[in-house]
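Nothing in this text is a laboratory measurement; each read-out follows from the coordinates by a stated rule. Predicted model only: the values in this text are computed from it and were never measured. FYI the Cβ positions are ideal-geometry reconstructions off the backbone, even for glycines, and counts take in every protein chain you see.
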Amino acid sequence: MNDVAFKLRDRLRQERDVLIKRFNAGGSVDGLLHGLARSVDGLLREVAEGSGITSRAALIAVGGYGRGELFPHSDVDVLILLNQPATEDDARTIENLVSLLWDLGLPLGHSVRTLDECLDEARRDITVLTAMLESRLLVGARSRFAAFSRAIVDSLDREAYFRAKLLEQQHRHIKYDEAPYSLEPNVKEGPGGLRDLQVVVWVARASGYGGTWAELARRGFITTEEARIIRRSERLIKEIRARLHLVTGRREDRLVFDVQDAVAQLSRVHATAQCRPSEVLMQQYYRAAKVVKQMNTILLQNIEHRLFGREQSEAQPLDATFVVRNELLDLAEESALERDPSGILRAFLLMAQNRELKGMSAQLMRALWHARVKVDARYRRDPANRATFLALLQQPKGVLHELRRMNDLSVLGRYLPVFRRIVGQMQHDLFHVYTVDQHILQVLRNLRRFALSAHAHEYPLCSQLMADFDKPWLLYIAAIFHDIAKGRGGDHSDLGSRDARRFCRDHGLDRADTDLVDFLVSQHLSLSQVAQKQDLADPAVIERFAARVKDERTLIALYLLTVADIRGTSPKVWNAWKGKLLEDLFRSTRRLLGGGTVAPTAVLEGRKQEALRILRLYGLSDSARDALWQQLDIVYFLRHGAQDIAWHTRSLFSKVESERPIVRARLARIGEGAEVLIYVKDQKSLFARVCGYFDSRNLSILDARVHTTRHGYALDTFLVTDHGRARHYRELLSQIEHELAEWIAREHELPSGEPLTKYRQSRQSRQFPVSPSVQLQPDERGSHLLSVVATDRLGLLYSIARVLAKHELEVHTAKVLTLGERAEDVFLVSGAQLDSAKGQLAIESDLLDALAPPPQSSESASSGNKISV
């Protein structure tokens, strides 16, 4: 670059720095965006005029830059509109111009077209057409730009453009999970983001109704007050996006965990008694996004009605307040809710009862949104309103849709003030991906799907149980309250159960139904905790759990709520193995509550007989099992199902005294992964060395069952997964059988120092680290339950296993629970060091050291508990 170019670049940087400094000092975001655009305008004009291109072309700002706004790291989109097809001289001039602009530090996005080419491209690509609609002349002939603008507008098919943008928005919303309440929202493209406002302006401008909120208000699409609210929400989201760019130093529109604190600090957001600054910031964003999403719906419906010029159909009265008009629920008159405030809740009930309705009219949505302030304490105490809300929950269809609509219109939080407190409430853990209110609605969604025959194939047992459940709406109440006390401090299950009991009392539920809802809310974590952390082969575990739930109806309700709850946290948390554990506990407890037995002798005999039946199908005689079964005790038969016992017997019946390790692997019967059987003369630190092998292959252990036969052989089984990385699990099975047998046969010492795999902490776990904890509790049989909690990482289980080996602890069972990036593992262990307080303290101390995240490595390894295993 020459001296002139250096001066231009320095001037641009200085102007940019002044604008950003002013913004950070409290200046308006509009001042920043317009100022950055004006700064770039001046530079482009000066460079373009100096290049000589302006006699042959016009430079036109398009897209966001065409609106006169430029975020700190957004692209500068420019159309070079040629008077005629480019000559070689034109091409050289343009190439030099673009190269210089890049050297000056402009993130240029440019296109070079004639007017005819612009029109052709606009017909093919609606995105290009939209960018051209937002255009302004930078430099060049005004007459040429005027002709361009007229041609673009004249080429528009307004109705087709509206449909295309509406479809584009629907696809975008689906991509971003249909909700603005992701914990890491995209503030530009996500539902409720800036794009939703831009879509309204685009279709309004294309339809000839104006391109500003003030113009839309003058034309009656919105009120002046609504225009003010929209501008306020838009300004807040723009501020967040601008600060995102400044914090990250790049074009970044996702408000990810890593930067939320920094953005909050830059925004001068202060903490409250219950919330961190980042949580306050996120709640501000969610409220603004909620307004944007709602006004987007109202405005697009109003524009569609006026654009397509449909005649008003004759109103069909539903009652004195509501009518059906054009297949939409509407108000009989604009002020109907003023004289009939009870209609606020009744509107949602009517929507659920009249499934032929396609939605609510814009007039009704607007009226409900404004009338929400009428839902006060007196309103909530009105028996008629309470009956209406309860009737909504009891509808056979439409419950979820209407509760979501109530939340979108801010009516649900007004009727349930405790719900209002968790709207936009962040969940600072490593497995929830929604705010608390949206998680609750996801749980309701899952419960509703259990009740719909179209989804019966997804979870057949849940669908069957829900179909036979007498009052499914009690489950919906429990779902609404199960996490409603999050963020208050204290036990959210206990606090939520108090809120639920108060709701049930206020709404006239009888004692039995109230007690059920109370139990479900207070104990909504219990089934999951027992299933995933305790030994389900132990009859005492089943008996204790049955005593807690007391009856079959409560058990069924708790099981349904638990499955719906786990599935509603994150798509990554639920898996088939967790589903099997929950179902195993449910079936065992149900059998006991129904008068069956979990007596060891009865269970043992049943499993043996079923295993023999399976072996006969493979052509094995009953006597073939004798050599192996004589070496197995009752604990083995209680911890393994008949299918597993038969598989072990087929694999080992002729090799009971084998001198070499035997490893067999098969596809997991439930979900993805592999079941691995290991049979070898017991060795020192065998469990740790097996974990080391799986760690070296980046395989995650989901479950481990360790057993020692009467004649001193280890008969261990592991359930492992590679989280879908392997294309062909059958190749993986052969690899495991060969390599693991060789690994065990070497009987090498455990390596000291670093784990076998490198570790890189994920950004989620950096933002929300889990404080490591270790707990040792004796059981009734002389062993100890070891519970560890830590941030999950590759090699974590191997690190734990090495500590257990160091202290010569024998592992009998291992349950590995991964919730997002939080590991909660439970082991049944025994050993001499557990007999003294000093020994236990040493074990706990070494485990805490092992659970602490190791130093960061530049080499990457994906997370897994990942051994992961």
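Packing here is the average count of other Cβ atoms within 10 Å per residue, and on that basis the peptides 188-196, 824-832, highest first, run 188-196, 824-832. Shown here for the stretch 240-312: trypsin sites (Lys or Arg not before Pro) in loop regions (DSSP other than H, G, I, E, B) with at most 15 other Cβ atoms within 10 Å, namely R250, R251, R268, R310.
The spacing between the stretch 664-714 and the stretch 268-345, judged by their C-alpha centroids, is 57 Å. Note on the stretch 99-153: Cα convex hull, mean projected area over all directions, 4.4 nm².
Using helices alone, what [θ] at 222 nm do you get for the chain, with -39,500 (n - 2.57) per DSSP H run of 4 or more residues, divided over all residues and rounded to the nearest 500?
So the calculated ellipticity at 222 nm is -17000 deg cm²/dmol.
Candidates L441, L516, F469 compared by Cα position along the dipole of the stretch 429-552: farthest toward the positive end lies L441, with charges placed on Cβ. Can you give the relative contact order of the stretch 472-530 as a percent, counting alpha carbon pairs under 8 Å and 6+ residues apart? Once normalised by length, the contact order is 40 percent. If you bin all the Cα-Cα distances of the stretch 498-594 at 10 Å, starting from zero, the percentages per bin are 16, 45, 30, 10, 0.
Over the residues of the stretch 553-670, compute the C-alpha Rg and express it relative to 2.2 N^0.38 Å.
1.32
Counting alpha carbon pairs within less than 8 Å and at least 6 residues apart, what relative contact order, in whole percent, applies to the chain? Dividing the mean separation by the residue count of the chain yields 7 percent. Counting only DSSP beta bridges with both residues in the stretch 39-138, tell me the antiparallel percent, nearest 5. So the antiparallel bridges in the stretch 39-138 amount to around 55 percent. If I fit a long axis through the Cα atoms of helix 362-371 and take the longest principal axis of the Cα atoms of the chain, what angle between them do I get, 0 to 90°, rounded to 10? Helix 362-371 sits roughly 70 degrees off the main axis of the chain. Dipole check for the chain: with +1 at the C-beta of Lys and Arg, -1 at the C-beta of Asp and Glu, and the Cα centre as origin, the magnitude is about 1460 Debye. Could you give log10 I(q)/I(0) at q = 0.26, 0.31 Å⁻¹ for the stretch 31-76, computed by the Debye formula over C-alpha point scatterers of equal weight, without solvent? With one equal scatterer per Cα and no solvent, log10 I(q)/I(0) is -0.92, -1.09. Summed over all non-identical Cα pairs, the Kirkwood treatment of the stretch 1-118 gives a radius of 15.0 Å. When you work out D = kT/(6 pi eta Rh) for the chain at 37 °C and 0.692 mPa s, using the Kirkwood radius from C-alpha pairs as Rh and the Stokes-Einstein form, the result is 104 µm²/s.
Grab every C-alpha pair in the stretch 637-706, bin the distances at 5 angstrom width from 0 up to the longest one, and report whole percents. Reading the bins upward from 0: 3, 13, 24, 26, 21, 11, 2.
The alpha carbon convex hull volume per residue for the stretch 176-230 rounds to 85 Å³. For the stretch 41-84, the relative contact order works out to 41 percent when only alpha carbon pairs closer than 8 Å and six or more residues apart are counted. The stretch 136-197 and the stretch 5-55 have their alpha-carbon centroids 25 Å apart. Which value results when the Cα radius of gyration for the stretch 169-322 is divided by 2.2 N^0.38 Å? Expressed relative to 2.2 N^0.38 Å, the Cα Rg reads 1.20.
Using only alpha-carbon positions in the stretch 67-194, the gyration tensor eigenvalues give semi-axes of 31, 21, 12 Å once each is multiplied by 5 and square-rooted (largest first).
In the stretch 282-399, the C-alpha radius of gyration followed by the widest Cα-Cα span (Dmax) gives 15.1, 45 angstrom. Dipole orientation for the stretch 148-218: of the candidates G210, A160, P191, G210 has the Cα lying most toward the positive pole (charges on Cβ; Lys, Arg +1; Asp, Glu -1). Under a no-solvent Debye model with one identical scatterer per Cα of the stretch 612-748, what's log10 I(q)/I(0) at q = 0.13, 0.22 Å⁻¹? After summing over all Cα pairs, the log10 values are -0.55, -1.48. With angles folded into 0 to 90 degrees, how steeply does helix 552-567 sit against the dominant principal axis of the chain? Use alpha carbons for both and round to 10. Helix 552-567 sits at roughly 50 degrees to that axis. Looking at the chain alone, DSSP beta bridges between its own residues are antiparallel in about 85 percent of cases. One quarter of the surface of the convex hull around the alpha-carbon atoms of the stretch 363-475 equals 8.8 nm², the direction-averaged projected area.
Using a cut-off of 25 Å between Cα atoms, the listed pairs K165/K238; K290/K578; K580/K815; K397/K550; K238/K290; K397/K533 include K290/K578; K397/K550; K397/K533 as exceeding that distance. Net charge dipole, the stretch 785-849: roughly 60 debye, given to the nearest 20, about the Cα centre with Cβ charges of +1 for Lys and Arg and -1 for Asp and Glu.
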